[in-house]
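This report refers to the structure that appears directly beneath it.
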Amino acid sequence: MQTANQPGESAIEVSHLIKIYKEGQIRAVDGLNLKIKKGEIYALIGANGSGKSTTMNLMTGCLFPTSGSINVLGLKVPEKRRVVASQIGVAPQEYAVYNDLTVEQNIWFFAKLQGMKKDQFEPRLKMLLPIFNLEKRSKTTVYNLSGGMKRRVSVICALIHEPRILFLDEATVGIDPVLRAFFWEYFRSLADAGLTIVLTSHVMDEAERADRIGLMRAGKLIEEGTPSDIKQRCGCQSIEEVFIKLSGGQATDE
Amino acid sequence: MSNLRTKRFSGNRVMAVSWRVLKQIFRDKRTLGMMIIMPAIIMLIFGFTLGGQVKNVPILVDNQDTGYNVAIGPNSSSSFHFGDNITASLQGDDRVKVTTGSFESGKNGVDNGTYYAAIAIPANFSNSLFLKSRGQDLNTSIPIYVDGTKPQNQASIFGALQTALQNLSGSGIAIDKQFAFSGVELSGLDVSIPSVIAFVLTFLVLLISLIIVSRESTSGILPRLYTTPLSAIERLLGYSIALLLLGIVMVAVILGIGIGVFGVTVGGSIYLLFLGAVLYALAHVFMAVFLSNYARNELQAVQIAPLIALPSMALSGMLIPVNSFPAWVQTVAKFIPMYYGNKIFEGIMLKGYGLGNLIPEFLIISVVALIFFVLAVATVKDRISA
């Protein structure tokens with residue numbers, strides 16, 4: 001399902017996006033404008049409550065906006081979200097996998113929801129499990145896995161149907177640095193092949209690996225660009241420094 | 001803190017735990033409400049339905065007694081109508097609600113559930129009694145055709161009849177019992193199994209379905225499912241099919257143990273019984289899928305099942321026959337699905353009814369299923385509501 005990278009063509013376009021939560025009248029997203037190109041790895045960073053996850057939920061269509069427009073792969077969201085749903089893969093902040101099922105059963109469930117047949121599923125699973133270092137765990141009940149392993153299962157569930165856009169909401173939390181480095185390489189190769197990756201992260205060295213970074217604060221995009229551009233503009237040595245300077249200096253642990 | 005010694009036992013720590021538990025409960029408004037509303041509802045319902053003796057059992061009396069005239073002088077005579085005395089006594093007794101009519105129509109009424117007994121007082125009743133008191137060896141008996149499926153009703157009927165016959169006691173009046181349906185007196189187990197089936201299905205199908213569906217919404221998976229092509233209705237139907245299969249397994253276990261282990265009699269078709277049980281389970285699956293919208297966690301989901309099942313148990317006539325409730329409670333009972341579940345299971349198992357006798361009940365359960373399906377579809381969430 002992946003298409004070759006056509007530079008400049010946007011995968012996601014968001015304009016004047018506003019989300020006000022009913023409870024507490026919180027403006028979680030406040031007039032956001034955003035363009036994410038096809039084949040790009042785009043990292044949304046920001047302090048807790050800055051609106052990253054809300055933005056992601058709005059883009060994936062599981063949360064409806066108060067106003068503004070969202071376009072994903074040329075289709076309006078949330079209006080066309082069912083069609084968009086077959087083109088995207090989402091790994092949410094929670095593990096969001098079934099504890100009572102095995103690794104393979106979980107992945108098969110999400111593959112089935114995407115309309116995959118067993119003969120498409122088998123080779124795809126055989127390819128993905130080793131990449132995420134789970135090939136020996138396919139028959140293990142998810143309940144018995146560590147947090148990091150559950151998160152990897154969750155990412156495979158999002159990737160199984162070869163989506164055109166992958167959304168990762170804090171999806172690499174709890175994964176050890178070696179493995180993380182390993183599958184960042186894999187994500188890079190997928191992006192080179194045309195997959196668009198949108199992620200939120202608190203790990204700043206991870207954000208540095210993105211093609212572009214959007215820094216959010218109070219529901220607004222306050223800085224955007226390639227990691228080196230941003231560092232230069234802010235006169236900082238690292239994205240972490242940028243983060244502390246611009247995000248309001250709040251703690252980043254979540 | 002100047003004193004670094006830690007006490008081995010601290011009342012403060014105990015109170016901290018109590019304080020925390022109460023704070024949590026007060027924040028969980030649904031649990032709090034359940035704690036107050038549930039006992040209140042159960043007390044009220046059981047109070048209204050269990051109170052006192054079983055009353056107003058509908059019976060039919062056919063008083064054919066022609067009386068007996070005795071000459072007490074050359075020009076005067078006195079007539080005795082013991083049948084009238086008995087009828088009057090029954091009519092004045094609040095344990096039974098008397099309709100008068102022909103014995104045959106009464107028997108039909110018992111067969112189709114209108115009456116619980118039909119009593120015939122024979123034409124020569126007074127005559128025989130009188131002659132018997134004069135030393136003639138005559139057999140006086142009152143035929144009664146009785147529905148044996150409700151022991152409490154049966155007890156009230158025979159109690160009222162005994163009272164009516166008390167003044168004539170010593171006259172050796174025999175009560176000639178004929179049991180409707182199977183023709184034999186049913187055992188306590190026989191008569192209780194149908195409502196146990198209805199109760200177990202109500203309670204377990206609701207409980208298990210609620211737990212399964214609410215677990216999904218508490219595990220963080222639901223928002224993820226919203227981002228897949230799975231539509232809300234597909235999800236709902238998926239739940240329903242799986243839960244219905246579990247319901248069928250439960251039905252099979254209940255019937256298997258009832259029939260296989262306890263030898264419970266099934267007067268009618270076992271296939272119809274199975275069909276009725278599956279339909280009844282389906283209605284409760286849809287009810288659970290609908291109600292799971294209102295449970296934020298598994299604990300709240302678990303609370304819903306008894307909240308429905310316990311009042312249903314009391315109101316459906318499982319413990320005390322519906323006819324003994326106050327009139328308005330009887331009206332409420334007609335809105336309880338288990339009331340119809342009981343009728344279906346009792347009808348098939350104890351009365352040997354076929355589908356033809358139970359069309360209204362099957363229709364009502366189907367409508368209940370449909371209503372809850374529509375409600376579930378109308379309220380099912382397909383996105384994060386915020």
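Which sequence of B:Asp65, A:Asp211, B:Asp176 reflects their accessible areas, 1.4 Å probe, from the largest down?
Numbers: B:Asp65 15, A:Asp211 50, B:Asp176 70 Å².
Output order, biggest surface exposure first: B:Asp176, A:Asp211, B:Asp65.
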Chain B: relative contact order from alpha carbon pairs under 8 Å, six or more residues apart, as a whole percent, is 19
5 Å is the cut-off here: which amide hydrogens, built 1.01 Å from N in the peptide plane, fall below it relative to B:Ser141, excluding neighbours closer than 5 in sequence?
B:Ala174
Extended-chain gain in nm, criterion 0.36 nm per residue less alpha-carbon gap, B:Phe274 and B:Ser141
43.7 nm
Give the residues of segment B:174-202 whose amide nitrogen is closer than 18 Å to a point set 7 Å from the Cα of B:Met38 in the direction of its Cβ.
B:200, B:202
Can you run phi through the Karplus equation (6.51, -1.76, 1.60; θ = phi - 60°) for segment B:304-315 and list ³J(HN,Hα) in whole Hz, with x for Gly and Pro?
5, 4, x, 4, 8, 5, 5, x, 4, 4, 5, 6
Förster radius 56 Å - calculated FRET efficiency between B:Thr100 and B:Leu355, Cβ distance, rounded to 0.05:
0.95
Sequence-distant or interchain residues sharing an amide H contact under 5 Å with B:Gly352, placed H: which?
B:Gly267, B:Gly268
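What FRET efficiency would be calculated for the residue pair A:Cys236, A:Lys80, taking the C-beta separation as r and a Förster radius of 41 Å, to the nearest 0.05?
Working: r = 40 Å, r/R0 = 0.97.
Calculated value: 0.55.
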Computed for A with B: buried accessible area summed over both chains, 1.4 Å probe, rounded to 100 Å², at 2000
Accessible area in square angstrom per residue, segment B:14-144, 1.4 angstrom probe
57
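Let me have the relative contact order for segment A:148-254, percent, based on Cα pairs under 8 Å that are six or more residues apart. Could the numbers behind the result be given before it?
Numbers: 104 pairs, mean separation 21.2, N = 107.
Relative contact order of segment A:148-254: 20 percent.
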Applying the Karplus parametrisation 6.51 cos²θ - 1.76 cosθ + 1.60 with θ = phi - 60° to the phi angles of segment B:190-200, what ³J(HN,Hα) value in whole Hz is obtained for each residue in order, glycine and proline being reported as x?
3, 6, 8, 4, x, 6, 5, 4, 4, 5, 4
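Over 24 Å between Cα atoms, which of A:Lys126/A:Lys150; B:Lys150/B:Lys177; A:Lys52/A:Lys150; A:Lys37/B:Lys381; A:Lys150/B:Lys23 qualify?
Values: A:Lys126/A:Lys150 18 Å; B:Lys150/B:Lys177 15 Å; A:Lys52/A:Lys150 22 Å; A:Lys37/B:Lys381 32 Å; A:Lys150/B:Lys23 33 Å.
With Cα atoms farther than 24 Å apart: A:Lys37/B:Lys381; A:Lys150/B:Lys23.
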10 Å binning of all Cα-Cα separations within segment B:2-108, expressed as whole percents from 0 upward:
11, 17, 14, 13, 10, 9, 9, 7, 5, 3, 1, 0
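Find the relative contact order for chain A and round it to a whole percent, using C-alpha pairs within less than 8 Å whose residues are 6+ positions apart. Each step should come with its number before you reach the end.
Details: 491 pairs, mean separation 70.4, N = 254.
Relative contact order here is 28 percent.
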Extended-chain gain in nm, criterion 0.36 nm per residue less alpha-carbon gap, A:Glu185 and A:Met127
19.4 nm
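Starting from the Cα gyration tensor of the protein assembly as shown, take the square roots of the eigenvalues, sort them a ≥ b ≥ c, and report rounded, prolate or oblate (rounded when a/c is under 1.5, otherwise prolate if a/b is larger than b/c, else oblate).
Values: a/c = 3.65, a/b = 2.90, b/c = 1.26.
In terms of gyration-tensor shape, prolate.
Rounding to the nearest 20 debye, state how big the charge dipole of segment A:165-251 is about its Cα centre with +1 on each Lys and Arg Cβ and -1 on each Asp and Glu Cβ.
On the way: 9 positive and 14 negative charges, 57 e Å.
With Lys and Arg at +1 and Asp and Glu at -1, about 280 debye.
Based on the alpha-carbon gyration tensor of segment B:108-178 and its eigenvalue square roots a ≥ b ≥ c, which shape applies: rounded if a/c is under 1.5, prolate if not and a/b is larger than b/c, or oblate?
Working: a/c = 3.19, a/b = 2.03, b/c = 1.58.
It comes out prolate by the Cα gyration axes.
Calculate the translational D of segment B:165-294 in whole µm² s⁻¹ from Stokes-Einstein, where the hydrodynamic radius comes from the Kirkwood formula applied to all Cα pairs, the temperature is 25 °C and the viscosity 0.890 mPa s.
Numbers: Rh = 17.9 Å.
Calculated translational D: 137 µm²/s.
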Applying the Karplus parametrisation 6.51 cos²θ - 1.76 cosθ + 1.60 with θ = phi - 60° to the phi angles of segment A:158-174, what ³J(HN,Hα) value in whole Hz is obtained for each residue in order, glycine and proline being reported as x?
7, 9, 4, 8, 6, x, 8, 10, 10, 9, 10, 9, 6, 6, 9, 4, x
Where in segment B:270-309 is the amide nitrogen less than 20 Å from a point lying 7 Å along the Cα-to-Cβ axis of B:Lys29?
B:291-304
Rounded to the nearest 0.05, what FRET efficiency do B:Ser187 and A:Lys139 give with R0 = 51 Å and r taken as the Cβ-Cβ distance? Could you check?
0.50
Threshold 20 Å² - residues in segment A:112-154 whose accessible area is reduced by that much or more when the chain is no longer isolated, probe 1.4 Å
A:Leu113, A:Gln114
Where in segment A:21-39 is the amide nitrogen less than 11 Å from a point lying 7 Å along the Cα-to-Cβ axis of A:Ser67?
A:31
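Using a 1.4 angstrom probe on heavy atoms only, work out the carbon and sulfur share of the accessible area of segment B:22-104 in %. Mind showing how you got there, number by number?
On the way: 3000 of 5070 Å².
Carbon plus sulfur share of accessible area: 59 percent.
When a/c is below 1.5 the answer is rounded, else prolate if a/b is larger than b/c, else oblate, so apply that to chain B with a ≥ b ≥ c taken from the square roots of the Cα gyration tensor eigenvalues.
Judged from the Cα gyration tensor, chain B comes out prolate (a/c at least 1.5, a/b above b/c).
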Return the average number of partner chain Cβ atoms within 10 angstrom of each residue Cβ along peptide B:217-223.
5
B:Lys177 paired with B:Met15, simple spin-label distance in nm, labels 7 Å along Cα-to-beta-carbon:
6.5
Report, as an integer, the average count of C-beta atoms from other chains found within 10 Å of each Cβ along A:90-103.
3
Whose amide H sits under 5 Å from the amide H of A:Asp30, counting only residues 5 or more places off or on another chain, with H placed in the peptide plane?
A:Lys19, A:Lys220
Only helical DSSP H runs with n ≥ 4 go in: add -39500 (n - 2.57) per run for the protein assembly as shown, normalise by residue count and round the 222 nm mean residue ellipticity to 500 deg cm²/dmol.
-15500 deg cm²/dmol
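The values are calculated or read from the model by the stated rules, or taken from the named source; none is laboratory data. Here the structure is a predicted model, which is why all the values come from computation and not from measurement. Positions of Cβ are backbone-derived with ideal geometry, glycine not excepted, and every protein chain shown enters the neighbour counts. We work out accessible area using only protein heavy atoms, side chains counted, and drop any ligands, DNA or RNA first. Shrake-Rupley method; radii C 1.70, N 1.55, O 1.52, S 1.80 Å.
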